[in-house]
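First the structure, in the form of C-alpha cells, and then the observations on it.
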Amino acid sequence: MPKLYSQHLEILVTRYRKVMQTFDLDSIIISSGHKTYYFQDDYSHTFHAFSGAQQWLPFSLCSDVYILINKQDKPLLFWPKRDDFWHSDNSLPEGDWSDLWQTIEARVDYDILAHLGKKHAWIGPKPDHIKVDFKQQNELEAAINYQKAYKTDYEIEAIYQANLTAAAGHKAAENAFTQGKSELAIYHDYLNASQQGSVNEPYPGIIALNQNAAILHYDVKSHQSVENSNTLLIDAGANQSGYASDITRTFTQDTGLFKAMLDSMESLQLSLCEHAIAGVDFNDLHQECVTGVAKILREHKLCNLSVEEQLEKRIPQVFFPHGLGHLLGLQVHDLGGHQVDESGKIQSPSKHAPFLRLTRVLEENMVITIEPGLYFIPMLLDKMVAEVEEHGCDLELIESLKPFGGIRIEDNLVIGKTTTRNLSREAFASLS
C-alpha cells in the first residue's frame, strides 16, 4: 500500500499543521508510550502504542518512539536504539515509507527537546522529566481526536485487511463449535487460523458457549467440553498495522425457536447496515434497532405487548441493554464518538441509551460497527419482573431460551454518501 500510505501521511501532516496554526505552535511531538510493569515485579504489561503515534506509521510501534511534526520539511521519527540481548531486536523496519521521513536512531535518553520549536505541545504519554507549559492541551487533543473519525483510504484498507484476518479465524471457530470443542479449544483454533497470538489481538476475544453468551464481556475460556453445545457467540478481531477489526457472530445447532430468532436478528442487522449512510444520526439508528428488537419479541411471542407499549415500558432494553455500535479504527472503541465538533463539544448519550458510544451524525469515510443484540440475562429479566407491571412477557418461554444465552451480530462498515461498504461481509465472502 505504498501509494495509499503516502497519501495518508500527507493528509495527517496537513491536519496537524492546520492545528498548529490554530494554536500558534511551532511543533508537536507525539510519543508511542513506555513500558509499564506489574506491581513489585520486573515483568511488563503487554505494550500497546498510543494510537495517536501508531496512526503515523505502517507497522506496529515499540515503546519510546517519538514523532515530531513542524511547520515544514518531512516529519521526524526518533526510533529507540537499544543494546539488548534479553529481548527480540527492535531494529527499524525497512520499506518505501522511510523516504517520506527524517529518521534518527536515538538512545532512549536522547535529547529530543533540542529539535522542538519554541512553542510546542506534547501528545501522548510523557516522561516525568519533560515539562511542557501548554495551557490549551484539552482543546488541542479535541481538535486532533475529532478528525480521527474520518478515515483515509490507507486506514480503510488496513481495517479491511484486519477483517480478512479475523474472518478466517471466525470460520475456524465455527467449525470447532460444530465439532463440540471447548471454549478454550475454539479460541486456540481462532488464533491459529487468524495467525495471531492473544497479545496481538486488538481486544481479548470472547468465546462464549450456551448461557455464557448472555454475559456481554465474557472473559473466561473454559477448557471443559460442553455436552450439549447449542450456541457459540464469538466476538473477536484482528490487528493490521495498528488498525482493528471487531466482528461478532452467533452460531447455533438449534432448529427451532432460537434459530428462528437468530434469523430475524440477522435480517435486522443487515437492514441497519443498509440504513447507516451519511447524514443519518446514529442516535436515530440505535432507536431503530430498539424498535426492531421489539418487533422480534412480538413476532416470536416472547412479549404480547404491541411495539408501542414495549417501547413505553422499555421492554426491548431488557433484552438489548447495550449500544448499537461505535467508531472503529486505531482503537476498537475509537476516540471522538461523542464529540460533535473540533472544539470538543460533547453530545452525551440520552438517559434511555446510556451505553451508546457514538452520538454523532454519520459522515462519509467514518468506519463504525453495527452490532444489535438480543440476550436472556437473568439479572435484567428478574429486574423487569420485579419492577414492570404487565410486562407482557412469556416467562416460561423465556426460561426455555436461557440456556442459549443470546445473540449478537457485528459488522464493520465504511460510511458512504448513499451506500455502505460492509468490510466484514466482504471479508467472509472472499473466503467462500
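The values are calculated or read from the model by the stated rules, or taken from the named source; none is laboratory data. What you are looking at is a predicted structure, and each value in this text was computed from that prediction instead of being measured. Ideal geometry is used to build each Cβ from the backbone, glycine not excepted, and the neighbour counts take in all protein chains shown. Each accessible area value is taken on the protein alone, full model and side chains, heavy atoms only, with ligands, DNA and RNA left out. Shrake-Rupley method; radii C 1.70, N 1.55, O 1.52, S 1.80 Å.
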Per-residue accessible area for residue 380 at 1.4 Å probe radius, Å² rounded to 10?
40 Å²
Label segment 34-133 by shape, choosing from rounded, prolate and oblate, from the square roots a ≥ b ≥ c of the eigenvalues of the Cα gyration tensor; if a/c is under 1.5 it is rounded, and otherwise prolate applies when a/b is larger than b/c, oblate when it is not.
oblate
Over the alpha carbons of segment 207-286, what is the largest minus smallest coordinate on each principal axis, giving the biggest first in Å?
48, 38, 18
Which of the listed residues, 216, 406, 184, is farthest toward the dipole's positive end in the chain, when Lys, Arg count +1 and Asp, Glu count -1 at the beta-carbon?
216
Enter the angle in degrees (range 0 to 90, nearest 10) between the Cα long axis of helix 378-387 and the first principal axis of the Cα atoms of the chain, meaning the one along which they spread out most.
60 degrees
Whole-number Å³ per residue for the convex hull built on Cα positions in segment 7-83:
120 Å³
Of all the Cα-Cα pairs you can form in segment 159-299, what percent are over 19 Å apart?
57 percent
How would the chain be classified by its alpha-carbon gyration tensor: rounded, prolate or oblate, with rounded meaning a/c under 1.5 and the a/b versus b/c comparison settling the rest?
prolate
Keeping the other protein chains in place, figure out the carbon and sulfur percent of the accessible area of the chain, with a 1.4 Å probe.
49 percent
Return the sequence-ordered ³J(HN,Hα) values of segment 347-357 in whole Hz as given by the Karplus equation 6.51 cos²θ - 1.76 cosθ + 1.60 applied to θ = phi - 60°, using x for Gly and Pro.
10, 6, x, 6, 5, 7, 9, x, 9, 6, 8
Accessible area per residue in Å² at 1.4 Å probe, computed on the chain
47 Å²
Residues listed by number, segment 370-392, amide nitrogen under 20 Å from residue 312 label point at 7 Å toward C-beta
384-392
Under the 7 Å Cα-to-Cβ spin-label approximation, residue 217 and residue 40 lie apart by a distance in nanometres of 2.7 nm
Please work out the FRET efficiency for the pair residue 198 and residue 118, using the Cβ-Cβ distance as r and a Förster radius of 60 Å; give the result to the nearest 0.05.
0.85
Cα-based Rg then Dmax for segment 366-419, in Å, read 16.5, 46
Just going by the charge dipole of the chain, with Lys and Arg at +1 and Asp and Glu at -1 on Cβ, which of 92, 102, 429 is farthest out on the positive end?
102
Solvent-accessible area of residue 88 with every protein chain in place, 1.4 Å probe, in Å² to the nearest 10:
100 Å²
Normalising by the residue count of the chain, find the relative contact order in percent from Cα pairs under 8 Å and 6+ residues apart.
16 percent
In order over segment 322-330: 3J(HN,Hα) from phi, Karplus 6.51/-1.76/1.60, θ = phi - 60°, whole Hz, x for each Gly or Pro, gives 10, x, 6, x, 7, 5, 9, x, 5
Tell me the accessible surface of residue 282 in square angstrom (1.4 angstrom probe, heavy atoms of protein chains only), to the nearest ten.
0 Å²
Normalised contact order of segment 1-138, rounded percent, pairs of Cα under 8 Å and 6 or more residues apart
30 percent
Distance between Cα centroids, segment 176-253 to segment 128-174: provide it in whole Å.
24 Å
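For segment 236-389, what ratio Rg/Rh do Cα atoms give with a Kirkwood hydrodynamic radius?
My calculation puts Rg/Rh at 0.99.
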Compute the helix-to-body angle for 183-193: its Cα long axis versus the longest principal axis of the chain, expressed 0 to 90° and rounded to tens.
50 degrees
Run the helix sum for the chain: -39,500 (n - 2.57) per DSSP H stretch of 4+ residues, divided by residue count, reported at 222 nm to the nearest 500 deg cm²/dmol.
-10500 deg cm²/dmol
For segment 338-432, go through all pairs of different Cα atoms, get the mean of 1/r, take its inverse, and jot down that Kirkwood value in Å.
17.0 Å
How would you classify segment 290-375 from its alpha-carbon gyration tensor, with a ≥ b ≥ c the square roots of the eigenvalues: rounded for a/c under 1.5, else prolate if a/b is greater than b/c, otherwise oblate?
prolate
Can you tell me the Rg and the Dmax, both Å, for the Cα atoms in segment 76-207?
21.1, 64
